[in-house]
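Data first, discussion second: the structure below is written as structure tokens.
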Amino acid sequence: MNIGLVGVGTVGSAVADILEKNKALIAARAGKEIRILKGVVKNIARKRELPFPVISNYKEITEDKEIDVVVELMGGVDAAYDVIKSALANKKAVITANKALLAYHRYDLQKLLNGAPFGFEASVAGGIPIIRALKEGLGANHIESIKGIINGTCNYMLTRMQAKRITFDQALKEAQGLGYAEADPSFDIGGFDAAHKLLILASLAYDIDAKPDDILIEGLGHLSDEDIEFAEEFGYTIKSLAIAKKVGSKVSLRVHPALVSKKSMIAKIDGVMNGISVVGDKVGETFYYGPGAGGEATASSVIADLIAIARGEQTPMLGFSSGGEGGITLAKKDDIESKYYLRVLVEDMAGVLARIAQVLANNNISIDTVLQRKKRVQKEWANLLLSTHIARETDINEAMREIATLGFVKSPPVMLRIDV
Ligand code: NAP
Ligand code: HSE
């Protein structure tokens, strides 16, 4: 089986490397040899040690009659979409690791396939076979919830910031050096990459055709050392979570940092590792753990798709030929419910706590715990730390707006969700 690699960067070069190093094993499992005929790169002038020629025009791959499978590993949305459309128009099988593209065009692509095999195992959670688990292994179940860590860069950064107290910028630099981050790392730290992946999983589980703008996405940008320290002191670790939760015929989708109990399984997922809990109505909870980013881990999933195509295996792209779950719609962002951690920096004087409690009460928010910590330097200021019972997103947002306007509040109040 002949393939063309469109993109020979971190993942593409690892695909080439593994296909060469594990050639005999892969051929035995695929039932045929898998050969890369050529690759596409942007910078054609750069010297590369590759056992195949590189070119700059992708059409020399998508229109090449010798090529059976086009593997898109260049990233981006519009240009990658053009490559895949051209491949499908020329009746090629397609494999992609491009979650950004799928977040916008998965349903368009499903319509364009015309029976062509389409693999995207590598688009979510790097080396973990979560797409196959949802499409095939859990096919008998209604999916109750999906909750996990699905961005390796954020998890790596949070692990390093919490365990080693390195800065945000140092942690990001490390993640980039290890090949985990997207070409534009704001996709990782802004929560968008995890949101892209969550949307893909939500299509497999719920047939939800939502786009990134439709769902709650919050990145790591507002995390401070103080919140990391307080979380630690109260028995939590901070993780960036992606959550899909079905209640009745509605499913809420969200990505945000959260305080996670140190005793939970998800708190123990460190570094670049990803971990995903999927609860099915019949199987109960299942859990998937493994490397979520990096060249070899991601290439492992790309090659799994190549082997499946070589064997002639084919399941419908999103796991259903028509209809999927059917009837499930997206919950409004405002209706999402959670417990919340609030930190409000205030002047330490009479009536402050009562006033904040009043704002929360006026917005239907019930306080669970309260604690006050004096600032070390400005002794007349204090951090008020509150946790709430379950409340609605719309109510907490309004309360935060009102608290920010109170005269004794010294900086914008901080709100983080608490995982329950
Ligand atoms: P990368 O290291 O930046 O490699 C991108 C490759 O595509 C490079 O070879 C680049 O050429 C080529 N390219 C980019 N734009 C191009 C254009 N307009 N025309 C022709 N060639 C172009 O990216 P990567 O980390 O391998 O990621 C590739 C894809 O896999 C992305 O969709 C990413 O989201 C996804 N992914 C990555 C990981 C990971 O851990 N890295 C994990 C899962 C999924 P040059 O070599 O000349 O720059
Ligand atoms: N940038 C992504 C991450 C790559 O860090 O998880 C894997 O999809």
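Just a few scattered comments:
- Residues satisfying the stated conditions in the stretch 45-81, i.e. closer than 28 Å to TYR104 by Cβ, more than 31 Å from the chain's Cα centre (by Cα) and open to solvent by 80 Å² or more (accessible area, probe 1.4 Å): GLU60, GLU63
- Subset of the stretch 283-317 [of a type in the set (A, V, I, L, M, F, W, C), buried (at least 17 other Cβ atoms within 10 Å of the Cβ) and in a loop (DSSP other than H, G, I, E, B)]: ALA293, MET317
- Test: residue in the stretch 192-199 that is surrounded by fewer than 20 Cβ atoms within 10 Å (Cβ to Cβ), closer than 28 Å to GLU296 by Cα, within 16 Å of ligand 2 (Cβ to nearest atom) and acidic (Asp, Glu): no
- The single residue among SER240, SER252, SER264 that is surrounded by 23 or more Cβ atoms within 10 Å (Cβ to Cβ) and of a type in the set (S, T, N, Q) turns out to be SER240.
- Matching option when the condition is within 16 Å of ligand 2 (Cβ to nearest atom), over 18 Å from the mean Cα position of the chain (by Cα) and surrounded by fewer than 23 Cβ atoms within 10 Å (Cβ to Cβ), among ARG160, ARG165: ARG160
- Residues that are among the β-branched types (Val, Ile, Thr) and modelled with pLDDT of 95 or more within the stretch 333-391 comprise ILE336, VAL344, VAL346, VAL352, ILE356, VAL359, ILE365, ILE367, THR369, VAL370, THR388, ILE390, listed in sequence order.
- In a residue-by-residue description of the stretch 273-282, the property of being within 16 Å of ligand 1 (Cβ to nearest atom), of a type in the set (S, T, N, Q) and not in a loop (DSSP other than H, G, I, E, B) applies to at least one position.
- Some residue of the stretch 197-204 being within 16 Å of ligand 1 (Cβ to nearest atom), farther than 24 Å from MET265 by Cβ and of a type in the set (Gly, Ala, Ser): no
- The condition of being on the phi < 0 side of the Ramachandran plot, surrounded by fewer than 24 Cβ atoms within 10 Å (Cβ to Cβ) and within 16 Å of ligand 2 (Cβ to nearest atom) holds for only one of PRO117, PRO129, that being PRO129.
- 2 or more residues open to solvent by 30 Å² or more (accessible area, probe 1.4 Å): qualifying strands (runs of 3 or more DSSP E) within the stretch 337-419: 337-347, 367-374
- Scan of the stretch 1-34 for residues that are under 21 Å from PRO117 (Cβ atoms), of a type outside the set (Val, Ile, Thr) and more than 16 Å from ligand 1 (Cβ to nearest atom), ordered by number: MET1, ASN2, ALA27, ALA28, ARG29, ALA30, GLY31, LYS32, GLU33
The values are calculated or read from the model by the stated rules, or taken from the named source; none is laboratory data. Everything numeric here is computed off the predicted structure, so don't read it as measured data. For neighbour counting, all protein chains shown are included, and Cβ atoms are generated from backbone atoms with ideal geometry for every residue, glycine included. The accessibility values were calculated without ligands, DNA or RNA, using every heavy atom of the protein model including side chains. Shrake-Rupley method; radii C 1.70, N 1.55, O 1.52, S 1.80 Å.
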